[in-house]
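Report on the structure given below.
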C-alpha cells in the first residue's frame, strides 16, 4: 500500500470512528476504500479525476458474484472516501456546449449575488436556485439561440404554463416570485435588455385565503399513544419530537436545531431559537416533554460529539436536518388518513387553535409560536370553525319576517 493510499484510508478510518460506526462497518469500509484506491493507482487515474462512471465500472468488475444489494457496502465506502477526500462529490459533469457553459456561469453569479449581496438564508437560496436551474434548463431546450438576449414574454408565459399543472395557487405564486428574482438579476447583469420580471403572471392571492391543516386533539392523542409504545431508539426520539410539536407548536427547524445547552434542567425551561424570525423565546419545560427528552437522552440517543439533541439513529450520528418524514410515518402508524398536509406544521396549527379556544390573547399566542407580529396569527383564526359555528345566528325565514 502506497503512503498516499495509507494516509487516505487512515483519515477515513478516523472519521468513521469519530462518527461511531461499529467496528465491523469500519473494517469493511476501509478495506473497500483501499481496494478502490489500488484500482485507481493501477490504471493511472488520479483521485481528483474520478467520475461516477469510474465508480460504477469498478463495482461491476470488483464485486462478484452479483446478489441483492451486492454493491451497497462497497459503493457506500467509496462515496465516503470521495466525500472526505475531495472538495465536491459527486462532481458536476463538464458542460457539453457553449450554451451550457454560459448558463452555469450565470447561475454561479446569481447564487453569489443571493448570498453575498442579498445575504439570504441557505434555505431561501436553495429554493431560488432550484427555480433558476429549472428555468435555464427548460429555456436551453426551447431556445434556438445561446444566452438570454432573445428571451421574451411568450417564453416566460410558456414556462409558467409548463409549471402550473399540479401546483396549488400558493405554490404557483411562489414559483412566479422566484422566477421574477432571476429575471431581475438577468436584467441587472446585462443579459436581457428589458426587465421582464414585471411581465410574470401569477395568481392573485387574497390575505389569509388558505386554511391551514390541523389535527384534532383526539388525533394528536392517538399519534402520541401509538408512538409511545415504540421503545426503540428511533421510537424514543420520535416520541420526544412529537411531544415538542404537540405541546409547544414549534417549527420543525426549531426542533432540529435544539441543542443540549438549550435545556435548562435546573430552571425547568427551554431556550428556543425561532428559525423563521431569528428571535429567542424561553418556554417552561413541561413534565411530558421533560420525561420524553430524558428517556431519549438516556436510552435512545447514540454517543456522539454533536451538540444538537436529535440525531440520526444510525452512523454517521449527525444532526437531523429534517423531521418531516419521521412525523408523517408516525401519523400513518396511528391509522390517520388526512386529506391535507401531513407534516410537522399541522401540530403547530393545532396548538394555535387550542390556545384560541382557551381565549388566550392573540399577542400571547404570537409570542408562544414565535411570531414577529400579531398579523401572523390571523390565519389560525379560521381553524376554529366549530367555535364560529357555535355563535352563528340563525337567519330568519319569511314567516319570521312577516
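The values are calculated or read from the model by the stated rules, or taken from the named source; none is laboratory data. Everything numeric here is computed off the predicted structure, so don't read it as measured data. Methodologically, a virtual Cβ is constructed for each residue, glycine included, from the backbone with ideal geometry; neighbour enumeration extends over all protein chains shown.
Numbers at a glance
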| quantity | calculated |
| --- | --- |
| Matching entry among 352, 315 (being surrounded by 14 or more Cβ atoms within 10 Å (Cβ to Cβ) and either in the same structural domain as residue 122 (by TED's automatic domain parsing) or not in a loop (DSSP other than H, G, I, E, B) (or both)) | 352 |
| Residue under evaluation residue 307, criteria (1) free of Cβ contacts under 8 Å to residues at least 60 places away in the same chain; (2) touching a helix residue (DSSP H, G or I) at 6+ places or on another chain (Cβ under 6 Å); (3) surrounded by 13 or more Cβ atoms within 10 Å (Cβ to Cβ), criterion not met | (3) |
| Single residue of 246, 227, 279, 252 found to be over 21 Å from the mean Cα position of the chain (by Cα), touching a residue at least 40 places away in the same chain (Cβ under 8 Å) and either loosely packed, with under 15 Cβ neighbours inside 10 Å or assigned by TED's automatic domain parsing to the domain that holds residue 344 (or both) | 227 |
| Given (1) crowded, with 16+ Cβ neighbours inside 10 Å; (2) closer than 21 Å to residue 8 by Cα; (3) at pLDDT 90 or above, index of the condition residue 43 fails | (1) |
| Residue within the stretch 73-91 that is outside the structural domain of residue 185 (by TED's automatic domain parsing), farther than 30 Å from residue 136 by Cα, over 26 Å from the mean Cα position of the chain (by Cα) and in a loop (DSSP other than H, G, I, E, B) present | no |
| Selection count, the stretch 257-289, where residues are touching a helix residue (DSSP H, G or I) at 6+ places or on another chain (Cβ under 9 Å) and in a helix (DSSP H, G or I) | 3 |
| Those residues of the stretch 165-176 which are touching a helix residue (DSSP H, G or I) at 6+ places or on another chain (Cβ under 8 Å) and either loosely packed, with under 14 Cβ neighbours inside 10 Å or at pLDDT below 90 (or both), in sequence order | 167 |
| Unmet requirement for residue 321, which otherwise passes all of (1) out of contact with any helix residue (DSSP H, G or I) (no Cβ under 9 Å at 6 or more places or on another chain); (2) surrounded by fewer than 16 Cβ atoms within 10 Å (Cβ to Cβ); (3) assigned to a loop (DSSP other than H, G, I, E, B) | (1) |
| The one condition in (1) surrounded by fewer than 15 Cβ atoms within 10 Å (Cβ to Cβ); (2) farther than 30 Å from residue 76 by Cα; (3) modelled with pLDDT of 90 or more that residue 130 fails to fulfil | (2) |
| Boolean, residue 215 is closer than 30 Å to residue 353 by Cα, without any contact (Cβ under 8 Å) to a residue 60 or more places away in the chain, assigned to a loop (DSSP other than H, G, I, E, B) and within 28 Å of the chain's Cα centre (by Cα) | no |
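Rundown of residues vs (1) part of a helix (DSSP H, G or I); (2) at pLDDT 95 or above; (3) over 19 Å from the mean Cα position of the chain (by Cα); (4) farther than 21 Å from residue 253 by Cβ, yes/no style:
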site	(1), (2), (3), (4)
120	no, no, no, no
126	yes, no, no, no
137	yes, no, yes, yes
145	no, no, yes, yes
150	no, no, yes, yes
